[in-house]
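Each remark here refers to the structure printed beneath this line.
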Amino acid sequence: MYDFSWSRRTKADTEAARLSEFLQDLMVVGSLKGFKYLDISIRGREELLLRVRNDYLNPPTAGQGEAPNSLMVLNSSVSKGRALVSAKTQYMMQSTSPVLQPPISLIDDDLVKDTQYTSFLIAAYSRYRCPYVWLRSNHERLIRIKENQTIETENPLKLESTSCWKQFDIRPWDIIVEVVCLTLRPQPENPFAIDHEYFDRLPLEEVVVRTGAMVRFLQRMSVRHYYFSDSQDLEKLQLRHYESFCELMAARRTMGSPPFT
């Protein structure tokens, strides 16, 4: 299990300012493509859709070990007939809004039918003043319940990262790391591992743009506290970005076109 030792908040930012900064980071990470274990896309101004590949999901069966820590919390909560969220969160939910649910979207029906991924919705709605995460598909693969019980699918998941929002400097990638590590078994050494073959299938110009964005993101991860950041992935992408950029510039000079249009 990873040691999620986040940095404590050092600035007396207002809740609105913190949420605004979180949403800016959400848009940045939502534009990235080329991860090995996950696919990320922006679903709205306040929403990010995180899909974890089921190819790497190997949940334990009865008698074959235990579920990851946070899933054990979810399992024990459901098995005792309690909600998937803590009592403190339920109190906050009741005091801020009668129902804490993400907006209903037709895309959710498609997510349920998608067997290739397990989908999560990461959202930071201004009315709730903090981020939450909802499991949007494959509930039965991650949460074990008794035959006479049902899963409250509209309740947000109880995660360590979202619970520590008020005390720590939580960013979208902190939540993504926790979700990936709790979903995949065994846990990946690097949740942000790169699928380098993805870039092989892209046009040259798109390779330059997407590798540049990914390099910038991995650099931010390397200077943060993530000790599992893979320097080989970063070095390989940096080289690919430089070589692709040079190839693109050479091709445009040959064609007599300006470097950028």
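The values are calculated or read from the model by the stated rules, or taken from the named source; none is laboratory data. Note that the coordinates shown come from a computational prediction; the quantities given were computed from them, not determined experimentally. As a convention, Cβ positions derive from the backbone with ideal geometry for all residues, glycine included, and neighbour counts pool all protein chains shown.
Quick notes
- Candidate set from the range 206-250 (those that are modelled with pLDDT of 90 or more and among the small types (Gly, Ala, Ser)); member that is farthest from the chain's Cα centre (by Cα): Ala250
- Among residues of the range 166-194, those that are at pLDDT 90 or above and either of a type in the set (Val, Ile, Thr) or more than 16 Å from Val29 (Cα to Cα) (or both), counted: 7
- The test for being crowded, with 17+ Cβ neighbours inside 10 Å and either within 22 Å of Glu160 (Cα to Cα) or in contact with a strand residue (DSSP E or B) (Cβ under 7 Å, 6 or more places away or on another chain) (or both) holds for Leu237.
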